Amino acid sequence: MADLPFELAAPLAAQLHTALDVERKIPRALEALGPVEGRDVALIGGGRVRLDQLTELGGRAAEAAWDNGRLELDDRAVDLLVGWWSVLRPADASALAECDRVLRPGGRLLVVHDYGRDDVSLLRGDLPEYGAWSRRNGPFLGGGFRVRVLHCWWTFPDLDATRAFLAGAFGDQGTTFVDRLKRPRLSYNVAVYHRARPDSADG
C-alpha cells in the first residue's frame, strides 16, 4: 500500500499502521524540515493516513497524482511537496525537474524512504534504499538533497503479537526473528531526504 513501506494483506496492513512510528517521529520531522503548518502541501503516494497527518500538522494538504513522470498540478502550485515510499524511486533529474515545476520559489521537496541498518532491513533483504540511495554519490545526496535519519520502531503490544505479525508478513523467517528480540518492537530507520527548490528554477 502507498502509505506503508511495502505491500501487505489488509489485516496485516492494519496491524502495521498501528505499530509503525507510535512516537510520531516522521510527522514531527516533516514539520521541522518543511514546515507544514500554514502551507499548501501536495502529497505524492502517501494515502489517507499520511494525508491526515499533514492536515493535523496544519497544512492545506491534498493528494497529487504522479502519472508517467508528471504531476497533475499547475506550475508553482504548492509550497511543499511530500513523497512517500512508493514514489521517486529514486529521484532522477527529470523527476526533480517536474517537482521543481510545481513548487513555488522557496518551496521544499521532502521524500520519505527506508534507510536500513535496522531490524526491518534484516527481514526485507537487499534493497537499493539500504545502500546505493544513501551514499554521497547516490541519487539523493548526489542530487542536492540532505538527509535526516529517524530512528523509529514497529511497536507491538507483546512478543506474541510481534510473532503473529512477523509470521504473517514474513513467514518462517519472521517467526524465527522474534527469538532474538527482548522487547516487542523492531528498530526501523527512516530517511527523510529534503531539498529546497533551486533558485535557478525560479526564472
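FYI, it's all coordinate maths here, none of it is from the lab. Note that the structure is a prediction, hence the values are computed from the model and not measured. Methodologically, a virtual Cβ is constructed for each residue, glycine included, from the backbone with ideal geometry; neighbour enumeration extends over all protein chains shown.
Neighbour counts of other C-beta atoms within 10 Å: give me Arg183, Arg108 arranged from fewest to most. Write down the numbers at each step before the final one.
On the way: Arg183 11, Arg108 22.
The fewest-first ordering by Cβ neighbours comes to Arg183, Arg108.
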*Return the whole-Å distance between the Cα centroid of segment 55-98 and the Cα centroid of segment 153-203.*
24
*asked:* Angle check, please: helix 159-170 long axis (alpha carbons) against the longest principal axis of the chain (alpha carbons), in degrees 0 to 90, nearest 10.
replied: 60
_Descending principal axes extents, segment 10-202, alpha-carbon based, whole Å_ = 54, 35, 29
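Determine the calculated [θ] at 222 nm for the chain from helices alone, applying -39500 (n - 2.57) to every DSSP H run no shorter than 4 residues and normalising by the residue count; nearest 500 deg cm²/dmol.
On the way: 7 runs with 63 residues, N = 203.
Mean residue ellipticity, 222 nm, calculated: -9000 deg cm²/dmol.
For Ala196 and Arg76 in one chain, what is 0.36 nm times their gap in residues minus the Cα-Cα distance, to one decimal in nm? Walk me through the numbers before you get to the answer.
Details: separation 120, 0.36 × 120 = 43.20 nm, distance 1.35 nm.
Full-extension gain reported as 41.9 nm.
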*When the Kirkwood hydrodynamic radius is evaluated over all pairs of different C-alpha atoms of segment 136-203, what value in angstrom, to one decimal, is obtained?*
14.8
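Please give the FRET efficiency for Ala14 paired with Arg48, using the beta carbon to beta carbon distance and R0 = 22 Å, rounded to the nearest 0.05. Let's see the in-between values first.
Values: r = 13 Å, r/R0 = 0.58.
It comes out at approximately 0.95.
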*If you place +1 on the Cβ of every Lys and Arg, -1 on the Cβ of every Asp and Glu, and leave all else neutral, what size is the dipole of the chain about its Cα centre, to the nearest 20 Debye?*
620
*Residues in segment 115-135, backbone N under 18 Å from the label point at Phe170 (7 Å along the Cα-to-beta-carbon vector): list them, ranges by number please.*
115-131
*Relative to the first principal axis of the alpha-carbon coordinates of the chain, what is the inclination of helix 93-102, with its axis defined by its Cα atoms, in degrees from 0 to 90 and to the nearest 10?*
70
_Ordering of 43-49, 60-66, 88-94 by packing [mean C-beta count within 10 Å, highest first]_ = 43-49, 60-66, 88-94
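Around Ser134, under 14 Å between beta carbons, what's the net of Lys plus Arg minus Asp minus Glu among the other residues?
Values: positive: Arg89, Arg117, Arg135, Arg136, Arg146, Arg148; negative: Asp114, Asp118, Asp126, Glu129.
So the environment of Ser134 carries a net charge of +2.
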*Segment Arg180-Glu31, length gained on full extension (0.36 nm per residue, minus Cα span)*: 50.2 nm
_Between Leu122 and Ser187, what is the label-point separation in nm under the 7 Å Cα-to-beta-carbon projection?_
0.9
_What does DSSP give for segment 10-202 in terms of the percent of beta bridges that are antiparallel, rounded to the nearest 5?_
60
*Hey, in the GNM for the chain with a 10 angstrom Cα cutoff, which one of Arg39, Arg148, Arg180 fluctuates hardest?*
Arg180
